[in-house]
1. Is the stretch A:198-213 home to any residue that is within 29 Å of A:Pro39 (Cβ to Cβ) and surrounded by 11 or more Cβ atoms within 10 Å (Cβ to Cβ)?
2. Residue check: is B:Met103 under 20 Å from B:Gly219 (Cβ atoms) and buried (at least 18 other Cβ atoms within 10 Å of the Cβ)?
3. Tell me which residues, restricted to the stretch B:336-359, are out of contact with any helix residue (DSSP H, G or I) (no Cβ under 7 Å at 6 or more places or on another chain) and without any contact (Cβ under 8 Å) to a residue 60 or more places away in the chain.
4. Within the bounds of the stretch B:291-308, is there any residue that is out of contact with any Lys or Arg (no Cβ under 6 Å at 6 or more places or on another chain), among the polar types (S, T, N, Q) and farther than 19 Å from B:Glu434 by Cβ?
5. Which residue is nearest to B:Phe311 (Cα to Cα), if the candidates are limited to the stretch B:323-332 and must be buried (at least 18 other Cβ atoms within 10 Å of the Cβ) and away from chain A (no Cβ under 14 Å)?
6. Take the stretch A:160-206 and flag every residue that is within 14 Å of chain B (Cβ to nearest Cβ), free of Cβ contacts under 8 Å to residues at least 12 places away in the same chain and either assigned to a loop (DSSP other than H, G, I, E, B) or in contact with a Leu (Cβ under 9 Å, 6 or more places away or on another chain) (or both).
7. Could you identify the single residue in B:Gly442, B:Gly492 that is touching a strand residue (DSSP E or B) at 6+ places or on another chain (Cβ under 7 Å) and not aromatic (Phe, Trp, Tyr)?
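The values are calculated or read from the model by the stated rules, or taken from the named source; none is laboratory data. This structure is a prediction, so every number in the text was calculated from the model and none was measured. Ideal geometry is used to build each Cβ from the backbone, glycine not excepted, and the neighbour counts take in all protein chains shown.
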Amino acid sequence: MQRIKSFLKGNTMLIALIVVIILFQALIIAAGKGSLLKPQNVSNIIAQNSYVVILATGMLLCILTGGNIDLSIGSVIATVGAVAGMLIVEMHMNVYLTIIICLLVGTFIGAIQAYCIAYIGIPPFIATLGGMLLWRGVAQVILNGMTLAPYPDNYLKYFTSFLPGTDDPAFLLTTTLIIAAVICAVYVAFELQGRAKKIKKGYSVESMPMLITRLITICAVIMVFAYLLGNYKGYPVVLILVSLVVLAYAYFTRNTVPGRYLYALGGNAKATRLSGVDTKKMMFFAYTNMGFLCAVAALVCVARFNSSAPSLGDGYELDAIGACFIGGASAYGGTGTVGGSVIGAIFMGVLNNGMSILGIDANWQKAVKGFVLVAAVAFDVISKKKVKA
Amino acid sequence: MAKTMLEMMNITKTFPGVKALDNVNLVVKEGEIHALVGENGAGKSTLMNVLSGIYPYGSYDGDIIYNGEVCRFKNIKDSELLGIVIIHQELALVPYLTIAENMFLGNERGKKYAIDWDETYKKADELLHTVGLQESSHTQIKDIAVGKQQLVEIAKALGKNVKLLILDEPTASLNEKDSRNLLELLLELKKNGLTSIMISHKLNEISYIADKITILRDGCTIETLVKGEDNINEDRIVKGMVGREISDRYPKRESKIGEVTMEACNWTVYHPLYSERKVCDNVNFNVRKGEVVGISGLMGSGRTELAMSIFGKSYGAKISGELFINGQKVSLNSVKQAINAKLAYVTEDRKGDGLILSSPIYKNNSLARMEKISNHSIIDKDKELLVAKEYKEKLNTKCPSVLQNVENLSGGNQQKVLLSKWMFADPDIMILDEPTRGIDVGAKYEIYCIINRLVAEGKSVVIISSELTEILGMSDRIFVMHEGRMIAEFDGHEASQEVIMSCIMRENNKMENENAKN
């Protein structure tokens, strides 16, 4: 009982996400408008939110350093998108070369802002507010106010196609499920091997029944997810990209020394500095990295919209920041996880998608999202207070 | 016989793990200047915070009787209504507001939604005149010197119809001339019937100005000396302040002292903001293998600044001088370099500068030397946990598990986590800044035992402490620091509290005389 309680407390947002999914599913079915978990719609939700997940991952690192946010990301995306448009649509440059150039441009923009923040000492809020205006302007200048479209198929296929590319529904479903099963098997093997290693070295491990329950739950979720995707077109390529980003950063924050330093910096900057950590370097890294992930998100976005517009990325910073805070990151820094931010991003995505299917007015959607953001954080703050008392 | 204005009876105040005040009594008569003296941590400021309502009624035991009535202050506002005003050591003025705005902050003239600025500035000018400050009340606080700011604080108190003025070290940051002015002003105000309580370390000022002197020691009232009845020269006061025996509160150790491990020569450090001010002035000191060296001195004497500037230049500007570790001249330009040179600095402010409170014990434990539990920057979490547990056992830290967040531990256990963090960094030389501040006697003893174990292992330990007994009880050698300079060195067995205290006081007087001459 105690365990269940602590599990519930530790995973409030995950539970909230499940509740929201069930709620919308019920509402949508009741309204006779199909299903939230229809294979095609699940695929849609992924395509719609892939960029939010990528951005939220980067934003989390910034927030960890002390509740600092990056307001410029929407504009940086527009600038990188404009560069991509110029190079591919206008100049017909090689796709791989373009991707590399765009990633470099994003990283460079991030590094400029990061330098201002970490080494000159401009407060992040102001440095990135300036960036927000600056890079939006640059994007408009590059595009001369025009929209560049369409992108060639040899670019789009890396972002908008599906795997495995086949038209035979039975074969598609089978392969999708087999791939999922392989992923599950690898995952289980990895966990069991890790456990065996720990036992050998004499470290404490979680109990076997707990481990089995956890493994079965996670595998079941993966299989259901694969089944839904397999009934549509298979795995969207962008899902693979997003998964790689999420896994890499989750590992970085959990298991590496620089990742640990980020948390320490947000928890107590002075103590961290006095422990021999180059805190300025960490700050520089967090914001440079944000620029890099903006570039990744920009490449995804231009492919999804099949165009580069001056207004690309407008308001994305708020989605990313919202996702982090809904996902349990502290507004003072030092706490928050990549997993939490992903849940936060999906939460916002499901909310958007569900309300759209229900045909709720777009203006009301905004109001509801704003309300949910504040409510989620308030809930988190209050529940943490109770734990302390 | 003047009537009794204030009587504090049997005041007891406990903080988690420490008894800060233990049945303290204080009687203040109307129209007198009453001085409160005692070593750092004797409980002077705590007592005044109780009186002014900063620690509200209910958080302490005992009674405050003011003008014959029992008072139960819930906050500062309550005590100010009765005319009790406290001026803290760190002045509470807003730099970018004018003198007048500061003076009536929270006590605005006019109506709540319509401040009467004409009245404000007129009243402010009158009060400035009373305290003898020739400045326009339109001047911003940041533009006047600290001595004048102190006068503004007093004028502010007068603006609140103060009956009983409490001053916490009012002259600590003033030069001789400003201090003298301030003391004369207090005497002047006394003639007009103002009663004041003054906390001070400067005993010459106290014997000049005070009518009565109450001495606190370890949270207890020791005695009250009355001018005219008792002999109140400085030696007498010092004796009252320190007059306790060093009993077996300090574990014994066999000193096996070796070669010099660290030596600082002509170490000079300037203040990072006020680039003219020397914080450490030509300091020379050293520590040897297996030795505990104590650095004594008043607060603000530059001890912490000395330690931090040595520790990878983490404090100060324009640092000059030479540093030798094991005979080799080194220059440590970052904390990382200092740690790699096997140096550790354990901060006096464990919550502010030392620990990440919202983080679990094991993460705090490894922060200063992540290399030991990681491989190519990949953390071995299991090893990290195991090591943390090991240190927990070794230092006898009381906690349910090392996964516990540090903020939930008591002060003594937090201090142990901080110590273990730096022991984990494998230093040969450890500088411990106020290692037992704010922790109870039992935990102190354990910390002393840990220190003894460290030197037995051949490490060198430097203890910075405001508690003289601690310095005397633990050190093989003692340096005394004053106003950024090393003024004396003693053998640990030869020194006594009286010798050190009077050494500091003598230096105090000497400097004041020099200033007076200039």
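1. First, the residues of the stretch A:198-213 that are within 29 Å of A:Pro39 (Cβ to Cβ): A:213.
If we keep only those that are surrounded by 11 or more Cβ atoms within 10 Å (Cβ to Cβ) too, we end up with A:213.
Yes, there is a match, as at least one residue in the stretch A:198-213 is within 29 Å of A:Pro39 (Cβ to Cβ) and surrounded by 11 or more Cβ atoms within 10 Å (Cβ to Cβ).
2. So B:Met103 fails the test.
3. Going through the stretch B:336-359, the residues out of contact with any helix residue (DSSP H, G or I) (no Cβ under 7 Å at 6 or more places or on another chain) turn out to be B:336-338, B:340-343, B:349, B:351.
Matches in the stretch B:336-359: B:Lys336, B:Gln337, B:Ala338, B:Asn340, B:Ala341, B:Asp349.
4. For the stretch B:291-308, residues out of contact with any Lys or Arg (no Cβ under 6 Å at 6 or more places or on another chain), among the polar types (S, T, N, Q) and farther than 19 Å from B:Glu434 by Cβ: absent.
5. B:Leu323
6. Within the stretch A:160-206, A:Lys201, A:Gly202, A:Tyr203, A:Ser204, A:Val205, A:Glu206 meet the criteria.
7. Being touching a strand residue (DSSP E or B) at 6+ places or on another chain (Cβ under 7 Å) and not aromatic (Phe, Trp, Tyr) holds for just one of B:Gly442, B:Gly492, which is B:Gly492.
For every residue, the table says whether it meets (1) away from chain B (no Cβ under 14 Å); (2) more than 28 Å from A:Trp135 (Cβ to Cβ).
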{"site": "A:Val242", "(1), (2)": "yes, no"}
{"site": "A:Val245", "(1), (2)": "yes, no"}
{"site": "A:Thr256", "(1), (2)": "no, yes"}
{"site": "A:Asn268", "(1), (2)": "no, yes"}
{"site": "A:Val277", "(1), (2)": "no, yes"}
{"site": "A:Met283", "(1), (2)": "yes, no"}
{"site": "A:Gly291", "(1), (2)": "yes, no"}
{"site": "A:Glu317", "(1), (2)": "yes, no"}
{"site": "A:Ala329", "(1), (2)": "no, no"}
